[in-house]
Structure formats: structure tokens, C-alpha cells
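J.: Once you've had a glance at the structure underneath, I'll fire off some questions.
The values are calculated or read from the model by the stated rules, or taken from the named source; none is laboratory data. Remember, it's a predicted structure, so these values are computed and weren't measured experimentally. Glycine also receives a Cβ, built like all others from the backbone with ideal geometry; neighbour counts cover every protein chain displayed. The accessibility values were calculated without ligands, DNA or RNA, using every heavy atom of the protein model including side chains. Shrake-Rupley method; radii C 1.70, N 1.55, O 1.52, S 1.80 Å.
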Amino acid sequence: MALVKIDGVEKAPLPDGLLGASLDRPRAGEGEDGYSFDLRGWAIGRDSAVEALELLDGERVAAQVTPDGKRPDVAEAFPGVAGAEECGFEGMVRALELQPRFELELVARLGDGSRQPLGTLRGRRARLAVPRTPALNPVMITTIGRSGSKWLAWLLSCHQAVSAFQPLVFEPRLATYWTTVFRELSAPRSYLRQIHAERWDEPRWWLGDGAGPMPAPVDLGMAEWLGAEGVGQLAGLCQERIEAFYLEASERMGKTAGVRYFAEKFLLDPVLLDLTTEIFPGAREVILVRDFRDRLSSVFAWNEKRGEAGFGHDAQMSQADYLTERVRVDAEELLQRWRRRADAAHLVRYEDLILEPERTLARLFAYLDVESDPETVETLLEVANRPSDLLDGHRTVSDPTQTIGRWRRDLPTELAAECNEILAPVLEAFGYSVALSPAGSGV
């Protein structure tokens, strides 16, 4: 059965910036036995050279190849044209980093910075087949820094069904680590190095850095085997290593029965998040959001407390620039993630977690399908709220309720107004008011 199917290829009219171009592969109706497909063709710039061919998945560059392959047929058709002899491009596209149904735009990026459209590809790919069923699945806390993720991870770890490793001390990234390993080793440029490598003496040869196309066809379907069964077995290995750590840690913590999940924080990397849900089909995603104005205040207070520049706000960046260049972008990406995953993920607002912990946790535990009765939640909160120097060390104020609406006290009036203007669509989408007065706080 084909793991990737190309349903349609629509070639664009030759754009003004190109003297000539052709998309040779893939072709409509083609199927691939592995989780990748060929991208081949050629392109010649008119007034500016073609630097790269990019396959765009929305705004994300899903694949990039350099036009440096020899094309004597093109050179014959364009005699005397500079670059015509080496204008061919060829590469493998990793379909696992695409949605199960995808639509991609192929563009030529020229030296003058322009992008010239070559065509559109439509297709579908099978979900990752992992040859084992894990005993533990992740609770993926998808959020951005200074949004209360340590507190949420700590609360989750206090439930008998959830394991987390020292969430008040570290930010364990077992799932992120091994999923990143999987992303690298499941790429054709990496796994094909097991068959052929030009430079064994290069430190990263096994990742395929700088590797060109295979010099000849691979017999017996072994390239397809590496790209299908081999990739699935690699996913199983990565899954097993993540699970093994948390099973061992849970046993050492005395959680010997009833553990079903491990909780970790995840950054906003949509590809990594989606791959994690395929490696762990039983994963649960919790999207944690905090009023972005309070988060901004918290970042400034944290950096002042620690005497360092953190969370992407360096000493040379003004507060206004940080708002527009980082805070706005992070907020919009979190909203985009929530809108795409709203039917499967669970939204937790930091303010609800602080002001209505019993109700908020009961809903969260019900989403996880673990014990969520009032007695369980009450006992858990008693344990979680015991005095702790570790908790105090992460806070910028002693009373968590004082962190809600702090932006009205902490932010300069002009910056607060700018926040409301720039962040208004995102704030309102998450249920926050943009009113400057406390009466319109929305929480």
C-alpha cells in the first residue's frame, strides 16, 4: 500500500522572473512506498539567478533544494545562457512533516529575494505506523514561557495517574529530545547514508549533511524498506526510550500502579507536536494560555529579578519592539495551534487555574479520563500547595492571585495601550478583555 499518494500537480504559467522551468516529479497519481516523495525539475532565472527551490506548506518551508544538477538537455535548449547547464534540482520531501492531507506550493527563490511560483502539489500520506503500544502516553503542555507551565506540571504530577520528573527543578524534554532524534534519522538524507555516503570522515555524515542524490538506484526495494518499516521501527525505538525513563522514574517515586501519563512542556513547534501525537497515538494535548499582557509583565519582572535577559528579550531590544517582534508572534502562534487542535486538545487558562483550581482541574482530569472527583482534587491541591522553596524561587510575587491583572500596575501606560491594540484579536479569542479598567478584566 502506498504511504504517500500525489493526487494532483498543477503547473503555474511561467512567471516573469524565470527564463524557463519545469517540474518533472512528482506526477499526479504517483504513489510512494515510503514516507517521502521525489521533487525534481529545473529552473533558470531571467535577470537574477535561482538560489533555491522551496516547497511551501503555508508559510513554512517544508523542503528546499539547490539547483546545481547537470541538465545538458536544458543547456541545449538555452544555448549561451549562464547557469543553464547546472540548473537541475532533485531532492526527497519528508511527508511525515506534512499534514495527512496536504497542499504545497513550489516556488523558485531568486537572488533578488523574489519568489517565483512553479506549481501546486496536492496529496495525502498515511499516519505513522508504530509497531508497539506504549503503557504511558504524554500530557503535552503546549505553551510559551512565563505562562504557569511549572505550576501546571507540578499539579499534574500530584495525580496518581500522571508522572513528571522534578517539574519544579527541571523542564524535562524526553519527548522533545527523542522526537527530534526521530525527525533527523527518519529523513531520507540520513537513513540512506546507511547504504551510501560520500564522506565518512565528516562528523555529521550520518545525518546526511551536504549529501547529494544517490549515485544509482537501490536494488531489492531496500530504500523503500528503510523509508517505511525502518521509519516505523525507529519511531518505536524512540517511543520506548521515552516510556522507559518515566516507568523507571515512576517506580522510584513509588508510583507503582495506575500511572497512565507523563507530563512535559512543549514549545510551539507544530511539526514536532504533531509527530509526537503520531508516535504516541494516545497523547493528550493541553494548551496553556495566560493573559499576554500579564505574561509580558512577568517576563520583565523575571529578567530584573535574575539580572539577565531571557525569553527572547535581550538588553538591546526595547519593550515596544519585544511586544511586536516576540510577544505578538508567540500569541498568534498559540492561537493558531488552539484553533487547529480545538477538537482534540484541552484549553487551560492560567487565571482559571489560580482563581478556580478545583473546577479547572476537575475538567482537565476528566479530559484525561482519570479520577476527577472533588475528594481527589482537594487532596491533590493540599499536597501541591504545601510550602516549597522551589515554588517560591520561580515566582516573581508571593501571592499568585496578584499576578492576575498585574499589567495594569506594572506596564507603562503607553505600552499597556499598545498591548491592547496589537494583541486585541488574540486576547479576545482566548476570552480576555482589552479594557484598561479592572471592571473589564474578563477573568
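J.: Among ALA366, ALA362, ALA384, which is more than 26 Å from GLU428 (Cβ to Cβ), in contact (Cβ under 8 Å) with a residue 40 or more places away in the chain and of a type in the set (Gly, Ala, Ser)? Steps first, answer last, please.
T.: Details: ALA366 fails: in contact (Cβ under 8 Å) with a residue 40 or more places away in the chain; ALA362 fails: in contact (Cβ under 8 Å) with a residue 40 or more places away in the chain.
Matching residue, one of ALA366, ALA362, ALA384: ALA384.
J.: So if I check each of SER250, SER298, which one is surrounded by 14 or more Cβ atoms within 10 Å (Cβ to Cβ) and more than 18 Å from ARG173 (Cβ to Cβ)? If you could, list the steps in order and put the result at the bottom.
T.: Working: SER250 fails: more than 18 Å from ARG173 (Cβ to Cβ).
Every option except SER298 fails the conditions.
J.: In the range 63-77, which residues are open to solvent by 20 Å² or more (accessible area, probe 1.4 Å), part of a strand (DSSP E or B) and among the small types (Gly, Ala, Ser)?
T.: GLY69
J.: Taking the stated definitions as given, is LEU121 farther than 20 Å from ALA344 by Cβ, surrounded by fewer than 20 Cβ atoms within 10 Å (Cβ to Cβ) and in contact with a strand residue (DSSP E or B) (Cβ under 9 Å, 6 or more places away or on another chain)? Don't jump to the end; show me each part of the working.
T.: On the way: farther than 20 Å from ALA344 by Cβ: yes; surrounded by fewer than 20 Cβ atoms within 10 Å (Cβ to Cβ): no; in contact with a strand residue (DSSP E or B) (Cβ under 9 Å, 6 or more places away or on another chain): yes.
Judged against the criteria, LEU121 is not a match.
J.: What is the one condition in (1) at pLDDT 95 or above; (2) in a helix (DSSP H, G or I); (3) of a type in the set (Val, Ile, Thr) that VAL370 does not satisfy?
T.: With respect to (1) at pLDDT 95 or above; (2) in a helix (DSSP H, G or I); (3) of a type in the set (Val, Ile, Thr), VAL370 is out only on (2).
J.: Something else now. Residues to consider are GLU184, GLU171; find the one that is surrounded by fewer than 20 Cβ atoms within 10 Å (Cβ to Cβ) and assigned to a loop (DSSP other than H, G, I, E, B). It would help to see each step written out before you state the result.
T.: Numbers: GLU184 fails: assigned to a loop (DSSP other than H, G, I, E, B).
Answer to the selection: GLU171.
J.: For residues that are in contact with a helix residue (DSSP H, G or I) (Cβ under 8 Å, 6 or more places away or on another chain) and of a type in the set (Val, Ile, Thr), scanning just the range 255-294, find the one that is nearest to TYR177 (Cα to Cα).
T.: THR276
J.: Test ALA424 against the stated conditions and say whether it is surrounded by fewer than 17 Cβ atoms within 10 Å (Cβ to Cβ), assigned to a helix (DSSP H, G or I), small (Gly, Ala, Ser) and without any contact (Cβ under 8 Å) to a residue 60 or more places away in the chain.
T.: Values: surrounded by fewer than 17 Cβ atoms within 10 Å (Cβ to Cβ): yes; assigned to a helix (DSSP H, G or I): yes; small (Gly, Ala, Ser): yes; without any contact (Cβ under 8 Å) to a residue 60 or more places away in the chain: yes.
Against the criterion (surrounded by fewer than 17 Cβ atoms within 10 Å (Cβ to Cβ), assigned to a helix (DSSP H, G or I), small (Gly, Ala, Ser) and without any contact (Cβ under 8 Å) to a residue 60 or more places away in the chain), ALA424 qualifies.
J.: Filter the range 253-274 for residues that are among the basic types (Lys, Arg), open to solvent by less than 70 Å² (accessible area, probe 1.4 Å) and modelled with pLDDT of 95 or more and give the result. Walk me through how you get there before you give the answer.
T.: At the first step, the residues of the range 253-274 found to be among the basic types (Lys, Arg) are 255, 260, 265.
From the residues that got through so far, the ones that are open to solvent by less than 70 Å² (accessible area, probe 1.4 Å) too are 255, 265.
The answer is LYS265, and nothing else.
J.: Of the residues that sit in the range 340-356 and are closer than 16 Å to VAL289 by Cβ and of a type in the set (A, V, I, L, M), which one is surrounded by the most Cβ atoms within 10 Å (Cβ to Cβ)? Show your work before the answer.
T.: The first filter runs over the range 340-356 and keeps only residues closer than 16 Å to VAL289 by Cβ, leaving 340-342, 345-356.
Filter once more, so that each one left must be of a type in the set (A, V, I, L, M): 342, 345, 347-348, 353-355.
Numbers: ALA342: 11, ALA345: 20, LEU347: 18, VAL348: 23, LEU353: 20, ILE354: 19, LEU355: 14.
Per the stated criteria, the residue is VAL348.
J.: Turning to a different aspect of this structure: If we scan the range 78-87, do we find a residue that is surrounded by fewer than 14 Cβ atoms within 10 Å (Cβ to Cβ) and closer than 30 Å to LEU128 by Cβ?
T.: Looking through the range 78-87, none of the residues is surrounded by fewer than 14 Cβ atoms within 10 Å (Cβ to Cβ) and closer than 30 Å to LEU128 by Cβ.
J.: Which one of the conditions (1) at pLDDT 95 or above; (2) open to solvent by less than 60 Å² (accessible area, probe 1.4 Å); (3) within 17 Å of the chain's Cα centre (by Cα) does GLY145 fail to meet, given that it meets all the rest?
T.: (1)
J.: Ok, one more. Please go through the range 88-108 and give me each residue that is free of Cβ contacts under 8 Å to residues at least 60 places away in the same chain, open to solvent by less than 20 Å² (accessible area, probe 1.4 Å) and not small (Gly, Ala, Ser), ordered by number.
T.: PHE89, VAL93, LEU98, PHE102, LEU104, VAL107
Listed here are the residues, each with its yes/no results for (1) open to solvent by less than 30 Å² (accessible area, probe 1.4 Å); (2) more than 21 Å from HIS346 (Cβ to Cβ); (3) part of a loop (DSSP other than H, G, I, E, B); (4) out of contact with any Cys (no Cβ under 8 Å at 6 or more places or on another chain).
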{"residue": "PHE365", "(1), (2), (3), (4)": "yes, no, no, yes"}
{"residue": "GLU375", "(1), (2), (3), (4)": "no, yes, no, yes"}
{"residue": "THR379", "(1), (2), (3), (4)": "no, yes, no, yes"}
{"residue": "ARG386", "(1), (2), (3), (4)": "no, yes, yes, yes"}
{"residue": "LEU391", "(1), (2), (3), (4)": "yes, yes, no, yes"}
{"residue": "GLU414", "(1), (2), (3), (4)": "no, yes, no, yes"}
{"residue": "ALA417", "(1), (2), (3), (4)": "no, yes, no, yes"}
{"residue": "TYR432", "(1), (2), (3), (4)": "yes, no, yes, yes"}
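Residue-wise test of (1) part of a loop (DSSP other than H, G, I, E, B); (2) acidic (Asp, Glu); (3) within 10 Å of SER163 (Cα to Cα); (4) in contact (Cβ under 8 Å) with a residue 12 or more places away in the chain.
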| residue | (1), (2), (3), (4) |
| --- | --- |
| GLN239 | no, no, no, yes |
| ILE242 | no, no, no, yes |
| TYR246 | no, no, yes, yes |
| ARG252 | no, no, no, no |
| PHE262 | no, no, yes, yes |
| LEU273 | no, no, no, yes |
| GLU278 | no, yes, no, yes |
| GLY282 | yes, no, no, yes |
| ARG295 | no, no, no, yes |
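J.: Looking at ARG337, ARG284, ARG359, ARG328, which one is open to solvent by less than 60 Å² (accessible area, probe 1.4 Å) and either over 30 Å from GLY258 (Cβ atoms) or of a type outside the set (Asp, Glu) (or both)? Step through it out loud before you land on a result.
T.: Working: ARG284 fails: open to solvent by less than 60 Å² (accessible area, probe 1.4 Å); ARG359 fails: open to solvent by less than 60 Å² (accessible area, probe 1.4 Å); ARG328 fails: open to solvent by less than 60 Å² (accessible area, probe 1.4 Å).
Step by step, each of ARG337, ARG284, ARG359, ARG328 is checked, and only ARG337 is open to solvent by less than 60 Å² (accessible area, probe 1.4 Å) and either over 30 Å from GLY258 (Cβ atoms) or of a type outside the set (Asp, Glu) (or both).
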